[in-house]
Amino acid sequence: MTSGVLPGLLRLASRIICLIVVASFVLFVVNQTSNASKGQQRELATGSTQQTPGSSNSSNHVGTVHKTIDEVSDELTSPFSGVTSGSKNQWVIHGANLILTLLIYGFGLGFIARILSVRT
């Protein structure tokens, strides 16, 4: 009975970690597309491509759940910060973090769980 507990916990942890990081990426994409749309609307309304004072590419009104998901995702992806340290492009950073997380935590922990369940 206890021989299947560790592989099950690893699979559960893998799924939760991947779900959190995917949710954070989806929230990032929604935020970026929303800000791009607002920027385009502002540009059409004013006829100017410059940002107005007080406008920003990142929203300051992030909900508690959104903020918590982002914080947890940042902690989970922090081991990969060296890979993207040279990039200032947020799409590259978030995309690389997503791919590396899915590979390491998703595939890696799933693989380890599979090995443990075969050996027991």
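We did not get these values from a lab; they are worked out from the coordinates using the rules stated. Predicted model only: the values in this text are computed from it and were never measured. Methodologically, a virtual Cβ is constructed for each residue, glycine included, from the backbone with ideal geometry; neighbour enumeration extends over all protein chains shown.
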Worksheet, complete the sentence: For residue 77, the net charge from surrounding residues (Cβ-Cβ under 14 Å; K, R +1; D, E -1) works out to -4
Worksheet entry | In sequence order, calculated HN-Hα J values of segment 70-77 (Karplus, 6.51, -1.76, 1.60; Hz; x Gly/Pro) | 5, 5, 5, 4, 4, 5, 5, 9
Worksheet, complete the sentence: The summed charge of the residue 107 Cβ neighbourhood (under 14 Å; Lys/Arg +1, Asp/Glu -1) stands at +3
